[in-house]
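Asker: Can you keep this structure in mind? I'll have questions shortly.
Any read-out appearing in this document is the output of simple, stated calculations on the displayed coordinates, not a laboratory observation. Just so it is clear, the model here is predicted, and its values are computed rather than measured. Backbone-built Cβ (ideal geometry, glycine too); neighbour counts: all protein chains shown.
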Amino acid sequence: MKLRAAAFIAILFLFSVLCQVDRILPFILAEAIKKDLALSDTQIGLMTGIAFAVCYTLLSLPLARAADRGSPRLVLVSCILVWSMMTAMGGLAGSFGLLAATRFGVALGEAGAIPSAHALIARRIGPRRRGMAIAIFSMGIPVGTMVGFAAGGAMADSVGWRVALLGAGATGGLLACFAWPIIGPTPPLAPAAASTEPALQTSRRLLAIPAFRWLMLGGVALGFASASFYAFTAPFLMRTHGYSASEVGLSFGLLQGAMGIVGTLAGGRLFDRAVQAGSNRLLGPPSVILIVAGATTTAALFASTGLLSVALFVPGMLSFAFLLPGAFGAAHLVAGAGHQATASSMLLIASGLFGPALAPLFVGMMSDWAYANDIPNGLGLGLLIAPVASVLAGLAMRVADQRIGQDIATSLPRSDQGRPRPSV
């Protein structure tokens, strides 16, 4: 039984890694893609921002609802096959339009991945251990970032960006073949937890809960902070401090991975301890770290050396990962059984729509404007959006933390409060 549980969590973790690798590759490959296809920074911002975010957010809620009502295993495996195929096709693109179209396809596949995985975790893992399960799954984000930056940077310098995308897509398709039997049948929801209400009605009910509204606002701000940070930090280090793609992949990528692993595991452990202790104050530490990260990221953008700049980026790397288990875990508690995938989807929409769609575009436009007007450090100026948004995310999570206890008592009915959940 324990071996089956370990295999279940391990395969979800590997999917999370691949999801992040396929999402992050265009960031480290941006300079090579820009040169090969003769793109501007604004087009890079469009490709990594709006082209991905619009499709991702439009399909996230319907796919999450399908996972809540039906088979999250079927939704997850189907999504993996779609995004892997579109990642591979990106390696064959010969123009900005075709490359942007493949990013729409990757977004289509990834839109249902996290909500369906969260639905699987919620049905198999009890509330008292769910924070760590979400943390292990979320650990795929920093590990995927580390792999994407390190391997992507090395491949960009050696075999080119096209081979990197083709290889990532092929790996995802191969792993998907092993997914179905390892995940196994999905435990059904208890009759009292099974929801038949329309998705929009569920969404409105969740948005009527103040704590959930503040979680959503924090997600919006986090989207602006993380999207700009990931999209242009690698090009910033290359242009401002003279790093190569391989050097950025090793320094920035490995640090991001390490901090992400520490952040997700620590965040998940603290969340579980708070739940087991009966505390309703679940988001205090993540909110403080986000605010501190705002100050250090600002300093990193104007540091005199590359080494100092990378070091000052570390709290920002830690803060994004540290927040994930607590934010998703709190959203699941507020939403209740049978609504976890929908709650996760709504948080993903909040963090994945406006920020990823607009923040990279803003940074790219600021960089192009500064270059045209002979203003130095244009990318650094544009990247100031990241620390400002980080502080706003911390403040929003602080308010949500103060409302969670009261709102859990008055939110949607929850069959998972005070009763054991099925587990593998």
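Asker: Taking just the alpha-carbon atoms of the chain, what radius of gyration and Dmax come out, in angstrom?
Answerer: 20.3, 65
Asker: Within a Cβ distance under 10 Å of residue 275, other residues only, what is the Lys/Arg minus Asp/Glu net charge?
Answerer: +3
Asker: Sort 297, 102 so the one with the fewest other Cβ atoms within 10 Å of its own Cβ comes first.
Answerer: Fewest to most other Cβ atoms nearby, the residues stand as 102, 297.
Asker: Return the Cα extents of the range 1-67 along principal axes one, two and three, sorted largest first, each rounded to a whole Å.
Answerer: 54, 27, 11
Asker: To continue, here is another question. Among 393-400, 230-237, 284-291, 171-178, what's the highest-first ranking by average C-beta atoms within 10 angstrom per residue?
Answerer: Ranked by mean Cβ neighbours within 10 Å, highest first: 230-237, 393-400, 284-291, 171-178.
Asker: Counting other C-beta atoms within 10 Å, which of 334, 163, 77, 292 has the fewest, and how do the rest follow?
Answerer: By the 10 Å Cβ count, ascending, the order reads 163, 292, 77, 334.
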